[in-house]
Amino acid sequence: MRRLLIPIAALLAVLAVPAGASAYTLGISDQQAQTFTNPLFAPLKIKAARYITPYDVLESPADKAALDAWVSAATAAHQKILISFEHSHRSNSRALKAPTVAAYTKELKKFKAAYPGVKDISPWNEVNRCHALRDGSVQGQPTKICSLTTGPKLTAQYYGAARKVFKGSKYRIVGLDILDEQNVNKTIKYLTSFLRHASPDPKIIGFHNYSDTNRFSTTRTKRVLQAFRGKVWLTETGGIVKLGSSFPFSTSRAAKALGCMFTLAKTNSRISALFAYQYNAPADPSTAFFDAGLINPDGTPRPGYAVVKSRKARSCHK
């Protein structure tokens with residue numbers, strides 16, 4: 001009888017899991033070191049954190065100091081760290097120039113030596129988001145990277161370089177981080193072209209499904225899951241409080257979108273990580289172009305904070 005009880009208990013445990021349920025790691029993507037010491041952060045019980053830094057961060061004292069502070073704070077908060085690289089911050093002219101594979105590899109080797117505790121790497125952030133000048137600095141990626149003509153092959157080469165530098169089973173390489181955009185067709189074209197050039201096929205890709213999450217849709221996420229058969233990490237997603245004139249300021253709408261975000265994360269078992277962007281609001285939300293913060297500048301929680309704390313999913317329908 002005792003031998004029968006164990007298999008029966010195991011069967012009941014399996015049956016208790018809802019059909020299509022997905023177990024995923026919940027993380028935060030935020031650029032501020034003080035996130036991890038904020039008194040409201042610990043109650044979220046988040047164990048993974050993502051940071052975006054220039055590929056040549058070791059050549060930029062200001063960027064390195066910011067990264068050092070962030071890594072130190074995230075480590076003290078027992079976070080599993082994911083680092084995502086992007087263009088140089090040293091000047092606008094450098095930001096607009098994609099590095100050669102040799103130059104990129106050289107900087108990755110420096111990074112590995114300086115930060116041996118970082119095991120999760122994303123070779124390039126939002127590869128298909130082209131550059132724009134905002135507040136005097138370049139945001140988005142060089143044309144050679146975001147272009148459908150030249151980008152997929154180059155980012156596949158960056159992925160190959162990252163695999164060579166960060167070798168071994170202890171490292172996880174996110175093949176690329178790609179943005180969904182309102183029209184997902186260009187995203188799919190970039191992704192499929194990247195996969196033709198990438199060797200071997202990545203086990204993980206990063207997907208930023210802001211459009212689905214905030215337009216209460218599932219179609220873009222499904223399209224990406226159809227195009228790539230490995231693990232998908234939602235390396236940036238969240239409820240947009242404000243985005244230019246497209247999304248006027250609304251914390252209640254953002255909270256509803258966060259509920260949809262959790263529903264999207266549960267739609268497929270291959271979605272194995274979700275990084276909500278972002279924890280902190282801009283210093284002045286009234287003048288900011290983009291805001292997806294879970295807390296206000298004065299440290300008080302927004303409605304979306306409670307959604308993330310409870311992991312409360314809601315329908316992806318308005």
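Spatially, segment 269-318 and segment 186-245 are offset by 19 Å when compared through their Cα centroids. What is the Å³ per residue value for the convex hull set by the Cα atoms of the chain? Measuring per residue, one finds 154 Å³ for the Cα hull of the chain. Give the lysines reachable from LYS256 as a straight Cα distance under 17 Å; neighbours fewer than 8 places away on the same chain don't count. List returned: LYS242, LYS266, LYS309, LYS312, LYS318. In terms of its Cα atoms, segment 139-190 spans 37, 22, 19 Å along the principal axes, sorted from long to short. Rolling a 1.4 Å probe over the protein heavy atoms gives segment 101-177 an accessible area of 44 Å² per residue.
Of the solvent-accessible surface of segment 71-167, computed with a 1.4 Å probe and all protein chains present, 54% belongs to carbon and sulfur. Couplings 3J(HN,Hα) for segment 287-293, derived from phi with the Karplus relation 6.51 cos²θ - 1.76 cosθ + 1.60 (θ = phi - 60°), are 10, 6, 6, 10, 8, 9, x Hz, where x marks Gly and Pro. Given axes a ≥ b ≥ c from the Cα gyration tensor, I'd like to know whether segment 12-130 is rounded (a/c under 1.5), prolate (a/b larger than b/c) or oblate. Verdict is prolate for segment 12-130.
Counting lysine pairs in segment 15-146 whose alpha carbons fall under 13 angstrom apart, excluding pairs fewer than 8 residues apart on the same chain, gives 5. For the chain, the dipole from Cβ point charges (+1 on Lys and Arg, -1 on Asp and Glu) about the Cα centre works out to 1300 debye, to the nearest 20. Return the carbon/sulfur percentage of the accessible area of segment 173-318, one whole number, probe 1.4 Å, all protein chains in place. Taking all protein chains in place, segment 173-318 shows 53 percent carbon and sulfur surface.
Using a Gaussian network model of the chain in which every pair of alpha carbons under 10 angstrom is joined by a spring, one finds that among ALA281, ALA114, ALA254 the greatest mean-square fluctuation is at ALA114. Dipole of segment 168-247 (Lys/Arg Cβ +1, Asp/Glu Cβ -1, origin at the Cα centre): which of GLY175, GLY230, SER193 lies farthest to the positive side? Among GLY175, GLY230, SER193, the one farthest towards the positive end of the dipole of segment 168-247 is GLY230. With protein chains left intact and a 1.4 Å probe, residues in segment 183-318 average 42 Å² of accessible area per residue.
For segment 228-307, the square roots a ≥ b ≥ c of the C-alpha gyration tensor eigenvalues yield an a/c of 1.5 or more together with a/b exceeding b/c, which makes the shape prolate. DSSP beta bridges fully contained in the chain are about 20 percent antiparallel. Count Lys and Arg as plus one, Asp and Glu as minus one, and take only other residues whose Cβ is under 12 Å from that of ALA49; the net charge is then +1.
The values are calculated or read from the model by the stated rules, or taken from the named source; none is laboratory data. Note that this is a predicted model, so its numbers are computed, not measured. Ideal geometry is used to build each Cβ from the backbone, glycine not excepted, and the neighbour counts take in all protein chains shown. Just so you know, the surface numbers come from the protein's heavy atoms only, side chains and all, with ligands and any DNA or RNA stripped out. Shrake-Rupley method; radii C 1.70, N 1.55, O 1.52, S 1.80 Å.
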